[in-house]
Every structure is written in structure tokens, then in C-alpha cells.
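Quick notes on the structure that follows.
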Amino acid sequence: MNFVDVLRELNGGVREKFLGLFNWFKSVERPVLVAFSGGVDSSVVLAVASLALGRDSVIAVTATSPIHHEEDLLWAKRIAEILAVRHVIIESRELEDTNFISNPPNRCYFCKKDLAEELSKVAREFGTKTIVDGTNASDLNSYRPGLLAFAEAGVRSPLADAGITKDEVREIAKALKLPNWDRPPMSCLATRIPHGERITIEKLERIAEAEKVVKILTGARLVRVRDHGYIARIEVGKDERKRFFNENIMDKLAEELQKLGYKYVTLDLYGYRSEPR
């Protein structure tokens, strides 16, 4: 990954924003701690921080818990290894927070509040006051109560500060040669449970296994299995809905998800949407 080569890959507008992001890191106190999920947004933050400050001045911190897909951690490990940065893995404790497991509309606030406390502990160990996340400018246009919790804790969002949108993040990730540049968006498994319904480990494990089954049987990349008690409502990317138009696949999906405890297995005809409905 070479700074000049990255600039050559980017068009004028995105190139200017990339330079703004690069200079943003040049201006902050080091070392920098990156809240690193393994997704494309935080991967770009980690890569540019490493490019601007040097890999020895960057610490990637990944939280693992039952609310996260196991593939998130695998991607985080892979990207951290490619970038050769220090990678710290911690266990977050959302399921010990009654505010979180009661699953209110602002559930993400309590999740991020708990995570910020854990990140702050790691930051103190490494002697840094600079904690950043992967929030991009597009995220600011949607309801994300977790952003408030991070802001209250002093976590900064360099992508958003540089005005970099979700599409521009992917363009930069591709220029940086990050292998997850086109990875579908991921969110925690708790988002599959409608607000007001209690979050449990059993539900999370069932959802994770159901989504794995859907991906294996259909080849779909963007998958959500919304948990409505005895009903599994499957969402996939709009361009992937055609993968279900096969009687054998539908029969096998129903059979496998019923083994997990669902009585009815449905496909949401609208396709993927960001929150359970």
C-alpha cells in the first residue's frame, strides 16, 4: 500500500477527501486507537491511520460477543494482519446490561456506551486519548443513537469529519487494495430482533446459524434473518432475491430453519432493509 499509488486510483473529489482524512490523522495525538469491527468503514480508518502515522502508532481494538457474527472477527484479524498493526481483541458485555437486553428503540446507545467504556480502558493501557471509529458522513443522515454515546465518550469519527460518504469509503478501500472493499454491510445480530422483544443468547445463536444456512444454500451475500418468535423472515439484497426462485432451495431452507426452531420460514419480498419491522 503506497500513498502515491492510492492517490492515482482516486478521482478528483474523492482524492481531496482522502487527503483531508490523511491530514486529519497527521494532526491528532498519537498513538491512535481504532474501534475496529472488520467492516469496510473501520478498515479504511485503520489503513489510513497506519499510512499517515506509521503502523506502530495505531492500535486496532475489536470487540467480540454473542451479538456479532463470527465472520466479523475473522475479517478483523485478516485486515489487521495485512496492515501489520497491533490488534487487541476484547469481550464486550452488552448482554449484562438490562437496558440493552430490553431492546428499546435506542438500544444501540447502551451498546455503544458500554463499548466506549471498554475502549477507554484499553486506551489508558496504551497511553492514548485519541479513540476513533468508522462512522462515515452517510451515517449522519439516519437514526443512530449509538453515535450519541460515542460522542459523549469523546470517540471521534474521521470519515464523517472529512465528509466521506459510504460509496466514497468503498472507493477508497478499493484504492487501498483492501480485500473487504465490497463486503456487504453488517450489523449486530440484535438488529434482527424487533424492538421491545427481549434479547437473549439463544435468539442470537439461532439467528446467526439461520443466516449461515441461508448464505450456504443460496449464495446470497447480504442476508438478514429477522426473528419474529416462531417466524423467520429472510431479507437479502434486492438483486439477490432471484436466488430463492427454486423449489428445491426453498424446500431445503424451510427444512433447515425449522430444525432451528422456526415454525414458518418466509422471504421478505421487499428485500433488505436496515432495521427489523
From Cα pairs below 8 angstrom and at least 6 apart in sequence, can you work out the relative contact order of the chain, rounded to a whole percent? 18 percent
Enumerate the amide H contacts of ASN103 below 5 Å, restricted to partners 5 or more residues apart or on another chain; note that Pro and chain-start residues carry no placed amide H. ILE199
Work from the charge dipole of the chain (Cβ charges, +1 for Lys and Arg, -1 for Asp and Glu, about the Cα centre) and give the residue of GLY261, ILE234, GLY154 farthest towards its positive end. ILE234
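Please list, by residue number, every one of the trypsin sites (Lys or Arg not before Pro) in region 131-232 that is coil in DSSP and has at most 16 other beta-carbon atoms within 10 Å. Could you put the intermediate results ahead of the total?
Working: sites: ARG156, LYS166, ARG170, LYS174, LYS177, ARG192, ARG198, LYS203, ARG206, LYS212, LYS215, ARG221, ARG224, ARG226; in loops: LYS177, ARG198, ARG221.
Passing sites in region 131-232 are LYS177, ARG198, ARG221.
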Place a +1 charge on the Cβ of each Lys and Arg in region 125-185 and a -1 charge on the Cβ of each Asp and Glu, then give the dipole magnitude about the Cα centre in debye, rounded to the nearest 20. 140 debye
Going by amide H atoms built from the backbone, whose H comes under 5 Å of the H on THR64, apart from near neighbours? ILE90, GLU91, SER92
The answer for chymotrypsin sites (Phe, Trp or Tyr not before Pro) in region 174-277 that fall in a DSSP coil and have at most 12 neighbouring Cβ atoms within 10 Å is TYR230, PHE245, TYR270
Based on other C-beta atoms within 10 Å, arrange CYS111, CYS188 from fewest to most. CYS188, CYS111
Find how much the distance from TYR270 to LEU73 grows on full extension, using 0.36 nm per residue of separation minus their present alpha carbon separation; answer in nm with one decimal. 68.0 nm
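I need the Kirkwood Rh of region 73-162: take the reciprocal of the average 1/r across all distinct C-alpha pairs and report it in angstrom. Before the final figure, lay out each step's value.
Numbers: mean 1/r = 0.0692 Å⁻¹.
Evaluated over region 73-162, this radius sits at 14.4 Å.
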FRET efficiency (GLU152, ASN2; Cβ distance; R0 30 Å; to 0.05) is 0.20
D (Stokes-Einstein, µm²/s), Kirkwood Cα radius, the chain, 1.567 mPa s at 4 °C: 66 µm²/s
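222 nm [θ] for the chain, helices only, -39500 (n - 2.57) per DSSP H run of 4+, per residue, to 500? Working shown, then result.
Numbers: 11 runs with 127 residues, N = 277.
Calculated at 222 nm, the ellipticity per residue is -14000 deg cm²/dmol.
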Which three extents, in angstrom, do the Cα atoms of region 189-267 have along their principal axes, listed largest first? 34, 24, 16
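Mind giving me the FRET efficiency for ASN106 and GLU81? R0 is 45 Å, r the Cβ-Cβ distance, nearest 0.05 is fine.
Working: r = 35 Å, r/R0 = 0.79.
The value I calculate is 0.80.
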Excluding residues fewer than 8 positions from LYS121 in its own chain, the aspartates and glutamates with Cα under 14 Å of it are GLU91
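Treating only the Cβ of Lys, Arg, Asp and Glu as charged (+1, +1, -1, -1), what charge dipole size does region 21-104 show about its Cα centre? Round to the nearest 20 debye. List each step's numbers first, then the result.
On the way: 7 positive and 11 negative charges, 97 e Å.
It works out to roughly 460 debye.
Over region 1-97, what is the relative contact order in whole percent, taking alpha-carbon pairs under 8 Å and six or more residues apart? Write out the running numbers ahead of the final one.
On the way: 118 pairs, mean separation 25.0, N = 97.
So the answer I get is 26 percent.
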At q = 0.10, 0.21 Å⁻¹, what is the log10 ratio I(q)/I(0) for region 1-145, with the Debye formula run over Cα points and no solvent? -0.37, -1.39
With +1 assigned to the C-beta of every Lys and Arg and -1 to the C-beta of every Asp and Glu, and no other charges, what is the dipole magnitude of region 153-275 about the Cα centre in debye, to the nearest 20? 100 debye
Separation of region 62-128 and region 1-40 by C-alpha centroid, Å? 23 Å
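Just so you know, all these numbers are worked out from the coordinates, no wet-lab data involved. As the structure is a prediction and not an experimental result, all values here were calculated from the model. Cβ coordinates were reconstructed from backbone atoms using ideal geometry, including for glycine residues, and neighbour counts include every protein chain displayed.
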